[in-house]
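Below is one structure, written out as structure tokens, with a few remarks after it.
The values are calculated or read from the model by the stated rules, or taken from the named source; none is laboratory data. No experiment lies behind these values; they were computed from the predicted model shown. Cβ placement follows ideal geometry from the backbone for every residue including glycine, while neighbour counts extend to all protein chains displayed. What goes into the accessible areas is simple: the full protein's heavy atoms, side chains included, and nothing from ligands, DNA or RNA. Shrake-Rupley method; radii C 1.70, N 1.55, O 1.52, S 1.80 Å.
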Amino acid sequence: MKHLLDPMDISVGEIDELLDLADNIIANPERYQEVCRHKKLATLFFEPSTRTRLSFEAAMHELGGDVIGFAGADNSSASKGESVADTVRTVECYADIIAMRHPKEGAATVASQNVDIPIINAGDGGHQHPTQTLTDLLTIRSLKGRLDHLTIGMCGDLKFGRTVHSLIRALSRYSNIKFVFISPKELKVPRYVKEDVLKNNENVTYVQYERLEEIISDLDILYMTRVQRERFFNEEDYIRLRDSYILDAEKMKLAKDDMIVMHPLPRVNEISVEVDKDPRAVYFKQALFGKYVRMALIMTMLGVNA
């Protein structure tokens, strides 16, 4: 695996190997403390991030490596008009691997075409977010014990949510997956995702609902998303739709005892803070799993072993 740009860049077998390595890191952290000594990760984040950027940095530090980079386009030569290609060609002189987030779809692909070191797509616009997908898969496998035979509800912004699109693509390769898409009409899963990933796929089925209460009792997993202000051109549309779905304690009473609630974060108000006390709410644990899976990914892409 030279670069990771899309969840489909990784086979099911490679995913299993990454998750197994992440499990081993969780169980034996001391074995991995120096494996990336003298290696440098560059975090090039052209748009804001908390969990993704910090989890990459924490992952590299815990592997004994170093981190360089920036946390906003204003802090880089992009503010002077420098191209992505020129930025990564320069950074390649200083780092062994790059994790890049960019607001434009395809930016990570452009970067990968201009360097010889590995590029990890840490999110490109509303397109793909493969490391969040790996985080989600590790969370699901760790807490549910499997990645097949699951009914997964995805609720909120399913049109612009890159984490949703990536997870759909990844899980569509496992058997007996049922997706339940819960959103207002304006924020439905895009047609291209349905056509490219779900149509004629014998592994998956899907249904669409507009009300969470109608279907929550059937779910093994509820994947909540926020309505993203930054993806809207019209402020009025954002204000009208932002509170469409709020998960609270009353709705949780309708769910199975072993259903888990996931969220890629940040949360705005789509999950009431009262839900945080529910043992089925695993979104902060999910953020922790993100560090471990990124440790496994960095090791794999750099070709280092414990």
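Given the residues 99, 95, which is the only one that is modelled with pLDDT of 95 or more and in a loop (DSSP other than H, G, I, E, B)?
Testing whether each residue is modelled with pLDDT of 95 or more and in a loop (DSSP other than H, G, I, E, B) leaves just 95.
Yes/no matrix, rows are residues, columns are (1) at pLDDT 95 or above; (2) polar (S, T, N, Q); (3) out of contact with any strand residue (DSSP E or B) (no Cβ under 8 Å at 6 or more places or on another chain); (4) part of a helix (DSSP H, G or I):
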{"residue": "20", "(1), (2), (3), (4)": "yes, no, yes, yes"}
{"residue": "47", "(1), (2), (3), (4)": "no, no, no, no"}
{"residue": "54", "(1), (2), (3), (4)": "yes, no, yes, yes"}
{"residue": "74", "(1), (2), (3), (4)": "no, no, yes, yes"}
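Among the residues of the range 141-164, are any under 13 Å from the mean Cα position of the chain (by Cα) and closer than 18 Å to residue 13 by Cα?
The answer is no, given that none of the residues of the range 141-164 is under 13 Å from the mean Cα position of the chain (by Cα) and closer than 18 Å to residue 13 by Cα.
What's the total number of residues in the range 148-164 that are closer than 22 Å to residue 5 by Cβ and open to solvent by 10 Å² or more (accessible area, probe 1.4 Å)?
4
Could you tell me whether residue 145 is farther than 21 Å from residue 303 by Cα, open to solvent by less than 20 Å² (accessible area, probe 1.4 Å) and not aliphatic (A, V, I, L, M)?
It is false that residue 145 is farther than 21 Å from residue 303 by Cα, open to solvent by less than 20 Å² (accessible area, probe 1.4 Å) and not aliphatic (A, V, I, L, M).
Taking the residues in the range 116-142 that are in contact with a strand residue (DSSP E or B) (Cβ under 7 Å, 6 or more places away or on another chain) and open to solvent by 10 Å² or more (accessible area, probe 1.4 Å) as candidates, determine which candidate is farthest from residue 23 (Cα to Cα).
117
If I filter the range 188-221 down to residues being in a helix (DSSP H, G or I) and within 18 Å of residue 271 (Cα to Cα), which single residue comes out as most open to solvent (accessible area, probe 1.4 Å)?
Of everything passing the filter in the range 188-221, 214 is most open to solvent (accessible area, probe 1.4 Å).
Which condition number does residue 253 fail, the rest of (1) at pLDDT 90 or above; (2) within 30 Å of residue 118 (Cα to Cα); (3) exposed (fewer than 13 other Cβ atoms within 10 Å of the Cβ) being met?
Unmet for residue 253, out of (1) at pLDDT 90 or above; (2) within 30 Å of residue 118 (Cα to Cα); (3) exposed (fewer than 13 other Cβ atoms within 10 Å of the Cβ): (2).
For the subset of the range 272-306 comprising residues that are open to solvent by less than 40 Å² (accessible area, probe 1.4 Å) and in a loop (DSSP other than H, G, I, E, B), which member is nearest to residue 61 (Cα to Cα)?
Taking the candidates together, the pick is 304.
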